[in-house]
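My questions will all concern the structure given below.
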Amino acid sequence: MLQFGSGISADQLWFRKNGMDLEVSIIGTADKVTISKWSSSDQAGTQKAQHVEQFRTADGKVLLDNQVDQLVGAMAAFAPPAAGQTSLPNNYKEALV
C-alpha cells in the first residue's frame, strides 16, 4: 500500500508510465513517486510486475492497482495539467470517470 500524506486528495494525482515504471505525480508540485518495473515480464513472457495493491489518499479514497492501470491508459490521452493547476481540471475528471 502507498499512503499519501495530509492534504493530498485523489484528484491531485497524475499517473503515467515511463518505460516499465509507474510515475505518480502530485499535480501542481514537482513531487512524484516512481514504482520501478510496474509492468515487466521475464524472457518467457511471464508477467513479473511489481504492483502496489492500493493507493490511499488523505481524503479517504482508495485506488486499487487495476484502477490505476485504467487511469494510466486514460491519462495517456491527455497532457498533464498546466503549471499552477493544483488538481485535475473538471473536463479531465469528467473524461476519466
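Filter region 67-83 for residues that are among the small types (G, A, S) and assigned to a helix (DSSP H, G or I); which is nearest to L96 (Cα to Cα)? Lay out the reasoning, then the answer.
Within region 67-83, the first condition is being among the small types (G, A, S), and the residues that meet it are 73-74, 76-77, 79, 82-83.
Still in the running and assigned to a helix (DSSP H, G or I): 73-74.
Details: G73: 10, A74: 6 Å.
Across region 67-83, the extreme among qualifying residues is A74.
What's the number of the only condition in (1) over 18 Å from Q12 (Cβ atoms); (2) modelled with pLDDT of 90 or more that G45 fails to meet?
Result: G45 passes all but (2).
Suppose we keep only residues that are under 13 Å from the mean Cα position of the chain (by Cα), surrounded by fewer than 12 Cβ atoms within 10 Å (Cβ to Cβ) and free of Cβ contacts under 8 Å to residues at least 12 places away in the same chain within region 66-97. Which one would you say is farthest from Q50 (Cα to Cα)?
Only one residue fits best here, namely G73.
Cβ-Cβ distance below 7 Å, separation of 6 or more or different chains: which pairs start in region 31-56 with a residue that is closer than 29 Å to Q85 by Cβ and small (G, A, S) and end on one that is in a loop (DSSP other than H, G, I, E, B) and at pLDDT below 75?
Here the result reads S36/Q50; S39/A49, each pair linking region 31-56 to a residue that is in a loop (DSSP other than H, G, I, E, B) and at pLDDT below 75.
Mind checking which residues of region 2-28 are part of a loop (DSSP other than H, G, I, E, B) and either on the phi > 0 side of the Ramachandran plot or of a type in the set (K, R) (or both)?
The answer is G7, G19, G28.
Test F4 against the criterion of being crowded, with 16+ Cβ neighbours inside 10 Å, touching a helix residue (DSSP H, G or I) at 6+ places or on another chain (Cβ under 6 Å) and either modelled with pLDDT under 90 or among the aromatic types (F, W, Y) (or both), and give yes or no. Steps first, answer last, please.
Details: crowded, with 16+ Cβ neighbours inside 10 Å: yes; touching a helix residue (DSSP H, G or I) at 6+ places or on another chain (Cβ under 6 Å): no; either modelled with pLDDT under 90 or among the aromatic types (F, W, Y) (or both): yes.
Considered against the rule, which asks whether it is crowded, with 16+ Cβ neighbours inside 10 Å, touching a helix residue (DSSP H, G or I) at 6+ places or on another chain (Cβ under 6 Å) and either modelled with pLDDT under 90 or among the aromatic types (F, W, Y) (or both), F4 comes out as no.
The values are calculated or read from the model by the stated rules, or taken from the named source; none is laboratory data. Keep in mind that this is a model prediction, so the values were computed, not measured. Don't worry about glycine lacking a Cβ; one is built from the backbone with ideal geometry, like all the others, and counts go over all protein chains shown.
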